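For reference, the structure is listed below as structure tokens.
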Amino acid sequence: MTRTLTILGLESSCDDTAAAVVRHRPGNRTEILSSVVFDQTSLHMDFGGVVPEIAARAHVEKLDYCVEAALAQSGIQLVDLDAIAVTAGPGLIGGVLAGVMCAKGLSAGSGVPMIGVNHLAGHALTPRMTDGVDFPYLMLLVSGGHCQFLIVRGAEDYTRLGGTIDDAPGEAFDKSARLLGLEQPGGPAIEQAALAGNPERFRFPRPMLERPDCNLSFSGLKTALRRARDDLTTAQGGLHGNDIADLAAGFQAAVTDVLVGKSKRAIKAFLAQEAPNTPVLAVAGGVAANHGIRTALTGLCRETGLGFIAPPLQYCTDNAAMIAWAGLELFRAGRADDFSLSARPRWPLDRKSQPMLGSGKKGAKA
Ligand code: KG4
Ligand code: ZN
């Protein structure tokens with residue numbers, strides 16, 4: 001199928017309600033005609049994490065608005081779409097259900113085919129939408145809910161090399177920021193605080209770095225930070241500004257070392273299995289916004305001869321353009337779903353891999 005395809009994407013698996021329209025003609029650059037995101041952060045602010053019931057209600061309220069806005073901004077009528085792609089999992093089940101029901105309604109009313117998309121596939125395929133990367137490539141997915149290394153061979157062909165056994169790195173940033181009295185989301189707050197800090201003052205552990213596999217762990221790091229904070233508080237009656245900066249810098253340095261160390265192993269495993277002409281490591285997820293982590297990964301790729309791709313931030317974090325794109329790849333391959341499409345809380349990309357142990361604030365890591 002080489003014709004131009006125009007796809008509406010819907011995303012509601014966590015705390016962002018999103019709709020987008022994406023158009024692609026083979027051989028041309030992909031056009032993201034619109035990408036609307038309603039961020040729920042303020043709704044969950046008082047609760048220290050995403051509250052599934054609040055998230056689901058907000059998705060139900062906002063989905064129609066996001067779809068209308070995405071269609072209006074793109075200048076496309078519903079009936080002119082080739083397909084509607086919707087996140088059908090993994091994620092918080094109430095939110096996923098809201099999206100799937102919305103897609104079914106739109107599809108039933110317009111006759112436009114519908115495709116259920118794996119949210120992780122949306123992230124994993126983003127570098128193809130933004131940078132036209134060819135299969136196969138290595139993907140590091142690092143967000144508040146996900147952390148895994150994947151070999152991406154096709155829109156439905158993934159091998160998971162490893163992932164977190166407990167917290168996702170964004171989750172660790174968020175929890176650690178809370179321990180330091182910094183605002184949410186914690187990643188940007190810690191990055192900002194760390195700018196003035198000394199990363200050497202607190203030598204936090206680099207969990208699992210000595211192990212030869214590609215699995216990671218972040219929960220012990222957060223515990224070490226809490227201990228250091230409590231020791232300081234006991235010794236001096238509180239934290240000074242420079243203590244917070246040093247703790248943030250030490251924490252960020254440890255996360256960076258773990259991600260770089262494990263990326264090195266993942267690159268080795270990737271190159272042992274695949275021989276692409278131009279090997280690439282791509283990142284996605286909110287943590288990929290961290291300048292220190294980006295710089296360290298860029299350096300690693302230079303050292304190991306890989307290209308490094310970090311899509312623009314608005315397509316690294318949760319959005320519906322990535323879902324539209326993943327749906328577009330599947331639709332081109334002849335896939336479509338009927339009204340029996342169901343919402344799935346867990347949905348591993350690599351069907352052969354064992355489920356990981358961790359399941360954090362943003363749902364199963366799959
Ligand atoms: O991909 P995302 O928007 O949502 C999902 O988790 O699916 O990622 C959000 C996560 C949050 O945990 C946030 O603290 C983290 O990404 N994050 C960062 C930075 N910006 C966002 N972590 C570290 N450094 C940053 N600059
Ligand atoms: Zn995500």
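Okay, here's what the table says:
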| read-out | value |
| --- | --- |
| Value of [θ]222 nm, deg cm²/dmol, for the chain, DSSP H segments ≥ 4, -39500 (n - 2.57) each, nearest 500 | -14000 deg cm²/dmol |
| Using alpha carbons only: equivalent-ellipsoid semi-axes of the range 32-83, gyration tensor based, whole Å | 28, 11, 8 |
| The chain: equivalent-ellipsoid semi-axes (sqrt of 5 x gyration tensor eigenvalues, Cα, Å) | 35, 24, 17 |
| Exposure rule at most 10 other beta-carbon atoms within 10 Å, DSSP loop GluC sites (Glu not before Pro): the chain longest free segment | 1-199 |
| Intensity falloff of the range 135-314 expressed as log10 I(q)/I(0), Debye formula with alpha-carbon point scatterers, at q = 0.13, 0.15, 0.18 Å⁻¹ | -0.63, -0.81, -1.10 |
| Percent carbon-and-sulfur accessible area, the chain, ignoring ligands, DNA and RNA, probe 1.4 Å | 52 percent |
| Euclidean distance between Cα centres, the range 45-94 to the range 252-295, Å | 30 Å |
| Gain on full stretching of the segment that runs from S342 to E183 - 0.36 nm per residue minus C-alpha separation | 53.6 nm |
| Listed residue pairs exceeding 25 Å between alpha carbons, taken from K175/K268; K62/K352; K268/K352; K264/K352; K222/K352 | K175/K268; K62/K352; K222/K352 |
| Most mobile of V79, V152, V37 in a GNM of the chain (Cα contacts under 10 Å) | V79 |
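The values are calculated or read from the model by the stated rules, or taken from the named source; none is laboratory data. These numbers were taken from a predicted model, which means no experiment stands behind them. No Cβ is skipped: glycine too gets one built from the backbone with ideal geometry, and neighbour counts run over all protein chains shown. Just so you know, the surface numbers come from the protein's heavy atoms only, side chains and all, with ligands and any DNA or RNA stripped out. Shrake-Rupley method; radii C 1.70, N 1.55, O 1.52, S 1.80 Å.
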